[in-house]
Amino acid sequence: MFEVSGATVSQWVTHLADMSRDLTDTERVDLIRALEDLKNVAAAAQATVAVDLDTSQRAAQEQRGWPAARLGEGVASQVGLARRESATKGARLLGLAKVLHREMPHTLHRMRTGQLSEWRATILARETACLSLDDRREVDRRLCGPGGTGPDLPDHALGNAARKLAADLDNAAVAARARKAEADRHVTLRPAPDTMTWLSALLPVKDGVAVYAALRAAADTARATGDPRSRGQVMADTLVERVTGRSVADPVRVNLDLVMTDRTFFGTSEESAHVPGYRPVPAERAHDLLADALDAVQVWVRRLYTHPGTGQLVGLDSRARHAPAGLADLVRHRDQDLCRTPWCGAPIRTTDHVRESQVGGDTSKPNLQGLCERCNLAKQAPGWRARPSPETLAGTERHTVITTTPTGHTYRSRAPAPLGHLDYNSRTTLDYELIA
C-alpha cells in the first residue's frame with residue numbers, strides 16, 4: 001500500500017503549481033481530464049481521512065469521560081477548518097463521508113476512480129436520505145455499480161434518476177419526506193452586489209407556483225396599461241407592496257444600523273460605511289441612504305468612540321459573567337456581525353469568552369468574540385483552547401484570537417479592519433492563518 005502524508009501531497013501541489021505549459025492542445029485536454037479525475041479522487045481521500053478522524057476523536061473523547069450524547073462534538077469544525085470551510089459546511093462534508101463509507105460503497109468507488117465528483121455524490125446522498133439502508137444501497141448499486149450510468153448523467157438528470165428510483169423502491173417514505181419538508185418552509189435574506197439583497201422563500205410547490213403566478217399576472221397587467229417598468233421590476237415592487245401593505249414610494253421605519261466614520265458622515269472622506277449583517281457600503285451610497293431616511297423617517301445618530309491611532313472601538317470592562325448589552329453590542333460591531341471562527345461567516349449568535357470564564361477569563365472586550373451557535377458548541381469540546389493574542393491584550397494589535405484544536409493545529413483570526421482604516425490583510429481577504 002502506498003503511504004500518503006500531508007508532506008507528500010504538498011510536494012504534488014508544488015509540482016502542479018510549477019508544471020510546464022509547453023503542451024499540444026491534445027495534451028492540454030488530456031491533462032484537464034486527468035486533473036478532474038485527481039480532484040474526484042482527492043475528495044474521496046478526504047472523505048476517508050475525515051471518517052478516520054471522527055472515529056479517533058470520538059474514542060479520545062470517550063476516554064476523557066465526555067458524555068455519550070456529545071461524542072464527536074467539534075470534529076466537524078476541525079474538518080471545516082482544515083478545508084477552509086465553515087463549521088456548517090464541515091458538518092455536511094463529514095456527514096457525506098460517513099454515508100459514503102457505510103451506506104454507498106459504489107458511489108465512493110466511483111469517486112476513488114475519478115469518475116464521480118463530490119458534488120454529484122452529495123446529490124445521490126441527498127436524494128436517498130429518506131430510504132432504508134437496503135433501499136439506499138440498491139439505488140447506489142443501480143446508478144453507480146457495474147454498468148450504472150450515474151457518472152455519465154448531468155447533475156439534474158442524476159438527481160431525477162435518484163428521486164425516481166427512491167420513489168419506486170419506497171413511495172411512502174418519499175411522500176412522508178415531502179410532507180415533512182413543508183415544516184421547513186422559511187424566508188431568508190442574503191447580501192447581493194451593489195447594495196441589494198436576495199430575499200428567498202422556501203415554500204411548498206403549490207404555494208411557490210401560486211405566488212410567482214400572481215406576481216407575473218400583476219406584471220402583465222401593468223405592462224399592458226403602459227407601465228414603463230420592466231416585468232421584473234413590477235414583480236419586485238408588487239411583492240414589496242403586498243407583503244408590507246404599503247406602496248414602494250411610502251416611507252418605512254427600519255433600524256438599519258448604518259455605521260460610518262464622522263469623516264464620511266460630514267462628507268469630508270470617501271471611506272466606506274458598514275451595514276451590520278450586510279457588507280461594506282460605498283460612501284456615496286451611504287449618503288443616499290441617509291438622504292432617503294431624512295426625507296422619510298426620523299433618524300437617530302449614535303456616536304461610537306474609537307482609539308485615534310488604531311481605530312479600535314473603545315471598550316469597557318465588566319465583572320459579570322455574561323456580557324452586558326452595551327459591551328455585547330460593541331463586540332458585534334467590532335466583528336461586523338460575522339462569526340470569528342476562520343472561514344465560517346455565519347451570523348453572530350452569542351458573545352463568547354475567548355478564555356473561558358470558569359478558568360479566569362474576564363468579561364472584557366479583548367476577551368470576547370462573536371460566534372455562531374455551532375462554533376460556540378465546538379469550542380466547548382475536549383481539547384479546544386483559545387486565547388487573545390498577547391498583542392491584543394497589550395492593545396498594540398487589532399483584536400486577534402488564537403484557537404488551537406484537539407489535534408494541535410492552531411489558527412489565528414483577526415477582527416475586520418475598523419472603518420476608516422484600509423487594510424488589505426483584513427478578514428475581507430481571509431485574514432486567517434494556520435500557524436502550527
Can you give the FRET efficiency for residue 60 and residue 357, using 1/(1 + (r/R0)^6), R0 = 41 Å, r = Cβ-Cβ distance, to the nearest 0.05?
0.95
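Quick one: if the Förster radius is 60 Å, what FRET efficiency do residue 393 and residue 241 give, using the C-beta to C-beta distance and rounding to 0.05?
0.70
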For residue 89, which lysines qualify as cross-link partners when the Cα separation must be under 22 Å and same-chain residues fewer than eight apart are set aside?
39, 98, 379
May I ask you to sort 200, 20 by Cβ crowding, counting other Cβ atoms within 10 Å and putting the fewest first?
20, 200
Run the dipole for the stretch 123-175 about the Cα centre, Lys and Arg Cβ at +1, Asp and Glu Cβ at -1, nothing else charged, and hand back the magnitude in debye, nearest 20.
40
With a 10 Å Cβ neighbour count serving as the proxy for reagent exposure, in which order, fewest first, do 196, 235, 104, 1 appear?
1, 196, 235, 104
Please give the FRET efficiency for residue 30 paired with residue 84, using the beta carbon to beta carbon distance and R0 = 41 Å, rounded to the nearest 0.05.
0.90
For the stretch 202-209, take each phi angle, set θ = phi - 60°, evaluate the Karplus expression 6.51 cos²θ - 1.76 cosθ + 1.60, and give the result in whole Hz per residue in order, putting x for glycine and proline.
9, 10, x, 4, 5, 6, x, 5
Using the count of nearby Cβ atoms within 10 Å as a rough guide to exposure, how do 169, 202 rank from fewest to most?
202, 169
How far apart, in nm, are two points set 7 Å out from the Cα along the Cα-to-Cβ line at residue 51 and at residue 196?
4.4
With +1 on each Lys and Arg Cβ and -1 on each Asp and Glu Cβ, how big is the dipole of the stretch 104-252 about its Cα centre, in debye rounded to the nearest 20?
140
How are the alpha carbon pair distances in the stretch 6-180 distributed across 5 Å bins from zero to the largest one, expressed in percent?
1, 8, 14, 16, 17, 15, 13, 9, 4, 2, 1, 0, 0
Two pseudo-spin positions, 7 Å from Cα along C-beta at residue 221 and at residue 2, lie apart in nanometres by 6.7
Hey, got a sec? Which trypsin sites (Lys or Arg not before Pro) in the stretch 10-99 land in a DSSP loop and have at most 16 other Cβ atoms within 10 Å?
21, 64, 83, 84
Normalised convex hull volume, the stretch 8-77, alpha-carbon set, Å³ per residue
101
Going residue by residue through the stretch 108-114, the Karplus relation 6.51 cos²θ - 1.76 cosθ + 1.60 with θ = phi - 60° gives ³J(HN,Hα) values, rounded to whole Hz and with x marking Gly or Pro, of 4, 4, 5, 5, 5, 9, x
List, in order, the whole-Hz ³J(HN,Hα) value for each residue of the stretch 152-163 obtained from phi through the Karplus relation with A = 6.51, B = -1.76, C = 1.60 and θ = phi - 60°; use x for Gly and Pro.
8, 8, x, 3, 5, 5, 5, x, 5, 5, 5, 4
How big is the dipole moment of the stretch 6-180 about its Cα centre under a simple scheme where the beta carbon of each Lys and Arg is +1, that of each Asp and Glu is -1, and everything else is neutral? Debye, nearest 20, please.
700
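None of the figures in this text is laboratory data; all of them are computed from the coordinates on show. Computed from a predicted structure; not experimentally measured. Using ideal geometry, Cβ is built from the backbone for each residue, glycine included, and neighbour counts are taken over all protein chains shown.
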